[in-house]
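Any read-out appearing in this document is the output of simple, stated calculations on the displayed coordinates, not a laboratory observation. Model, not experiment: these values are computed from the prediction. Counting neighbours? That spans all protein chains shown, and the Cβs are built from the backbone with ideal geometry, glycine included.
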Amino acid sequence: MSMGQEVRYRVRGGRPLNGTAFIQGAKNAVLPMIGAALLAAKGRTVLRNVPIIEDVKRALELAEHIGAKVEFHEAERTVVIDASQLNDPERAVLPADIAARFRGSVLFVPALMHRMGRARIEGVGGCNLGSRKLDFHYRGFARLGAQVTEDDERNHINIESPHLTGGHLYLDTPSHTGTENLIMAAVLARGTTVIEHAALEPEVLDVIEFLSRMGAKISGGGTGFITVRGVEELTAVEHTIMSDRIDAGVFAMATAAAGGDVSLVGANLEHLGVARWKLEQMGVEFAQQGAVLHVRREPGAPLRPINAVTSPYPGFATDLQSPLMALATLADGESYLHEAIYDGRFALADELTKMGAKIEVDGTRAIVHGPSALRGAPVVAHDLRTGAALVLAGLVAEGETVVAPGYLVDRGHAQFATRLAALGADVVRESAE
Ligand SMILES: CC(=O)N[C@H]1[C@@H](OP(=O)(O)OP(=O)(O)OC[C@H]2O[C@@H](n3ccc(=O)[nH]c3=O)[C@H](O)[C@@H]2O)O[C@H](CO)[C@@H](O)[C@@H]1O
Ligand SMILES: C=C(OP(=O)(O)O)C(=O)O
């Protein structure tokens, strides 16, 4: 398994985007669903519309590592999971070499607790976004009766959970995976659990729908106050994963940056939340026609500057803040961005500066002075969304932009170069592997 340092995206700017792009299934829905599929003691789960991204491959490796049988039929975008053999507590370990590479690995903990009565987490990774804690998850598991201990020396978390019992849980902030993890911990616990201040993201609702189809009793999804009545067992079912609103947002912003007229198959304007209104204010035109979203901006037409503050759904998604920063460098005036979720995400500003952008960063606030005539440069992807944002900047930069490490882009966007190239962009993914 390579760290993918050899993968890079090579972009030559200056072409408008036209045509049709297929929006992938949602990364942030499929990862918890792979974790949820492991809760079913019988049968085979079928997940459809699965994005072929590195995080899914890591999740499936992890599922196999703990004893599940997994098939990824890539041409059909379908995953089949048989978790009937998850009964060896010796295997209830999330090893650092896999788990440290994607944050979603924490979503396996409820299955380990329920199926094996214990879990050891040897390292949980994810994007390089500054401080990212998991205290809400562990505190919630403890309130349901798990014993959670930290082994600071080895950087392990040990959980013993012979029996979980319903309880009253709350989140300090509406954590996305925290909500999913507490729901999954509660679905097979004895009795009723309430979760206050729960996340409202569309992916959380898709996960609730999937779990409900499996037989879980969950109410209040989308209200911030979720009630779960524990059941004895869950059944393996089939589910089609919702489309990825961040992938859709990135393609919409790519169209806004390069100019053009693009149809996004599977994209849903309602799922973009505030990002939709911000892009419209900048001058992007949207029209939803059934399951296809049309995005248009006249090539060369000016973009207006924007203010955006990231916050949980339906607020402006932090995962779209990086591509918005790239887009703001092209807008006619000063844009103001406040990153309220992750302290590490403004690493992008230095990279865009190498391409000719003018950005002042003050802690969690950035002022982007546009418009800048961007020029190609070798740049560093610090995380998944920074990588996508730099490819987007490359689409309008003069000359060649080389974005590395490409693995970070591949974590979350499937066939990114191929899909952009199908719209007329000059983007190639190079790999020395
Ligand atoms: C796999 C997945 O779905 N990832 C998404 C999920 O990440 P994730 O679920 O990890 O993000 P959270 O919503 O949990 O994090 C939001 C904030 O809460 C803090 N926090 C979170 C949990 C905790 O126990 N303690 C704590 O302090 C985090 O440090 C962060 O500042 O939502 C993020 C915010 O929309 C997105 O950027 C990620 O793409
Ligand atoms: C932060 C992200 O993902 P993860 O939570 O998987 O690190 C992301 O998708 O931008």
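Using a 7 Å offset from the Cα along the Cα-to-Cβ direction at both Q281 and A75, what is the distance between the two label points in nm, to one decimal?
Modelled inter-label distance: 4.8 nm.
Among the aspartates and glutamates, which have Cα under 20 Å from the Cα of K217 when same-chain residues fewer than 8 positions away are ignored?
Hits, sequence-local ones excluded: E180, E196, E201, E203, D206, E209, E232, E233, E238.
Give a residue-ordered list of calculated ³J(HN,Hα) values for the stretch 380-394 (Karplus: 6.51 cos²θ - 1.76 cosθ + 1.60, θ = phi - 60°; whole Hz; x for Gly, Pro).
10, 7, 8, 7, 3, 6, 4, x, 5, 5, 6, 4, 4, 4, x
Any idea what the relative contact order of the stretch 276-373 is, in percent, if you count C-alpha pairs under 8 Å spaced at least 6 apart?
24 percent
Report ³J(HN,Hα) in whole Hz for each residue of the stretch 198-213, in order, from the Karplus equation J = 6.51 cos²θ - 1.76 cosθ + 1.60 where θ = phi - 60°; Gly and Pro get x.
Per-residue couplings from phi come out as 7, 6, 10, 4, x, 5, 5, 5, 5, 5, 4, 4, 4, 5, 5, 5 Hz.
Along Cα→Cβ, 7 Å out, is where each label goes; now give me the distance between the ones at K354 and K42 in nm to one decimal.
The two pseudo-label positions are separated by 5.6 nm.
Test of understanding: in a Gaussian network model of the chain with alpha carbons linked when under 10 Å, which of E153, E90, E400 would top the mean-square fluctuation ranking?
Result for the chain, Cα springs under 10 Å: E153 fluctuates most.
Extending each Cα 7 Å along its Cβ direction at A301 and E430, get the distance between those two points in nm, one decimal.
Going from the A301 label point to the E430 one covers 3.6 nm.
Relative to the first principal axis of the alpha-carbon coordinates of the chain, what is the inclination of helix 27-37, with its axis defined by its Cα atoms, in degrees from 0 to 90 and to the nearest 10?
On a 0 to 90 degree scale, this one is about 10.
What order do you get for V7, V106 when you list them from fewest to most C-beta neighbours inside 10 Å?
By the 10 Å Cβ count, ascending: V7, V106.
Using helices alone, what [θ] at 222 nm do you get for the chain, with -39,500 (n - 2.57) per DSSP H run of 4 or more residues, divided over all residues and rounded to the nearest 500?
Roughly -9000 deg cm²/dmol at 222 nm, from the helical runs in the chain.
Using the Cα centre of the chain as the reference point, and only Cβ charges (+1 on K/R, -1 on D/E), how large is the resulting charge dipole? Debye, rounded to the nearest 20.
Values: 42 positive and 52 negative charges, 91 e Å.
It works out to roughly 440 debye.
Normalising by the residue count of the chain, find the relative contact order in percent from Cα pairs under 8 Å and 6+ residues apart.
22 percent
Quick one: angle between helix 54-65 and the longest Cα principal axis of the chain, in degrees between 0 and 90, rounded to 10, please.
The two axes meet at around 20 degrees.
Taking the square root of 5 times each eigenvalue of the Cα gyration tensor, what semi-axes in Å does the equivalent ellipsoid of the stretch 293-340 have, largest first?
Rounded to whole Å, the semi-axes are 21, 14, 8.
Cut-off 10 angstrom, C-alpha nodes, Gaussian network model of the chain. Which of Q24, Q415, Q289 fluctuates the most?
Of the options given, Q289 has the highest mean-square fluctuation.
Hey, which lysines would be in cross-link range of K358, C-alpha to C-alpha under 25 Å, not counting anything within fewer than 8 residues on its own chain?
K278
Where does helix 176-187 land angle-wise versus the long Cα axis of the chain, in degrees 0 to 90, nearest 10?
That works out to roughly 20 degrees.
Under 12 Å between alpha carbons, and skipping anything fewer than 8 positions from K57 in its own chain: which aspartates and glutamates qualify?
E71, E74, D410
Just to be sure I understand: with springs between alpha-carbon atoms less than 10 Å apart, which residue in D206, D152, D410 has the highest mean-square fluctuation in the Gaussian network model of the chain?
Fluctuation is largest for D152.
Return P(r) of the chain (all Cα-Cα pairs; 10 Å bins starting at 0; whole %; ordered from short to long distances).
Per 10 Å bin, starting at zero, the Cα-Cα P(r) for the chain comes out as 5, 22, 32, 24, 13, 4, 0 percent.
What ranking do V427, V380, V250 get, fewest neighbouring Cβ atoms within 10 angstrom at the top?
Listed from fewest to most nearby Cβ atoms, that is V380, V427, V250.
Counting only other residues whose beta carbon sits under 12 Å from that of D88, what net charge do I get with K and R as +1, D and E as -1? Walk me through the numbers on the way to the answer.
Numbers: positive: R91, R115, R118; negative: E90.
Net charge in that neighbourhood comes out at +2.
Output wanted: per-residue J couplings in Hz (rounded whole) for the stretch 362-377, from phi through Karplus 6.51 cos²θ - 1.76 cosθ + 1.60, θ = phi - 60°, x for Gly and Pro.
Each residue's phi maps through the Karplus curve to give 10, x, 9, 10, 9, 10, 9, 9, x, x, 10, 8, 6, 10, x, 7 Hz.
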